[in-house]
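**Student:** Take this structure first; my questions come after.
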Amino acid sequence: MHCFYTPPEKIKDDRLILSSEEAHHLSRVMRLKRGDAIMVVDGQGNAYKCTIDKLSDRQVECLIFSQMRKMGEPMHSITLAAGISTAGKFDDVIERCTELGVSRFIPIITEKSKVKIDSDTAIKKKIERWRKVAIASIKQTGRSILPAIEPPVQFES
């Protein structure tokens with residue numbers, strides 16, 4: 001069963017909405033149709049079995065017929081504090097470790113780090129990128145809780 005992500009605020013009663021990238025992926029890439037069954041996770045521990053009810057390029061509305069709690073989650077909570085590496089290597093750390101069950105990431109800026117994050121805007125941009133990588137990983141593995149990604153901290157703190 002195909003797995004998709006929607007934020008909790010897009011879920012009301014027995015219906016949920018997939019918008020933008022998820023709707024495009026469902027309708028254009030996966031070519032799913034009205035009546036097809038899908039799995040949707042909200043990143044807060046809920047997984048919903050749904051059928052596609054209304055379909056367009058920008059939005060998909062689904063009818064929920066079953067809900068599960070903490071689907072695909074490990075028994076223990078793991079926090080990973082790792083040094084930020086160059087290029088997209090930290091993206092790979094987020095991806096692989098989310099697949100393995102890490103529930104919280106603390107990016108660390110070390111003395112030898114080549115990556116310099118100077119402004120709040122740069123930090124927000126990095127965290128948003130890592131969040132997208134984590135969303136893709138929870139969809140891939142069928143997890144239902146989106147790992148927390150903390151702002152980068154200096155090693156000393």
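Bear in mind these aren't lab numbers, they're just calculated from the coordinates by the rules spelled out. What you see is a predicted model; the values in this text were computed from it and never measured. We place every Cβ from the backbone using ideal geometry, glycine too, and count neighbours over all the protein chains shown.
**Student:** Order these peptides, 29-36, 45-52, by their mean beta-carbon neighbour count within 10 angstrom, highest first.
**Tutor:** Packing order, densest peptide first, comes out as 45-52, 29-36.
**Student:** Relative contact order for the stretch 109-157: what percent, with Cα pairs under 8 Å and sequence separation of 6 or more? Could the numbers behind the result be given before it?
**Tutor:** Values: 22 pairs, mean separation 24.7, N = 49.
In percent, rounded to a whole number, it is 50.
**Student:** Ordered by packing density, taken as the mean number of other Cβ atoms within 10 Å over each peptide's residues, highest first, how do 96-107, 64-75 rank?
**Tutor:** 96-107, 64-75
**Student:** How high is the FRET efficiency from Met1 to Lys124, r the C-beta distance, R0 41 Å, rounded to 0.05?
**Tutor:** The pair Met1/Lys124 has a calculated efficiency of 0.75.
**Student:** Here's a follow-up. Quick one: which of Lys12/Lys132; Lys54/Lys132; Lys89/Lys139; Lys70/Lys112; Lys10/Lys124 span more than 29 angstrom between C-alpha atoms?
**Tutor:** The answer is Lys70/Lys112.
**Student:** Under the definition of Cα pairs under 8 Å and six or more residues apart, what whole-number percent is the relative contact order of the chain?
**Tutor:** 23
**Student:** Calculate the dipole size of the chain relative to its Cα centre from +1 charges on Lys and Arg beta carbons and -1 charges on Asp and Glu beta carbons; express the result in debye to the nearest 20.
**Tutor:** On the way: 26 positive and 21 negative charges, 62 e Å.
It comes to approximately 300 debye.
**Student:** Something else: For Cα Rg over 2.2 N^0.38 Å, pick the label among [x] 1.06; [y] 1.01; [z] 1.15 that corresponds to the value derived from the coordinates.
**Tutor:** [z]
**Student:** Distance in nm between label sites at Ala81 and Arg31, each 7 Å beyond Cα in the beta-carbon direction?
**Tutor:** Result for the modelled spin labels: 5.0 nm.
**Student:** How large is ³J(HN,Hα) for each residue in the stretch 97-112, as worked out from phi by the Karplus curve 6.51 cos²θ - 1.76 cosθ + 1.60 (θ = phi - 60°), to whole Hz, x for Gly and Pro?
**Tutor:** Those phi angles translate into 6, 5, 4, 7, x, 5, 10, 7, 10, 10, x, 10, 9, 9, 4, 8 Hz.
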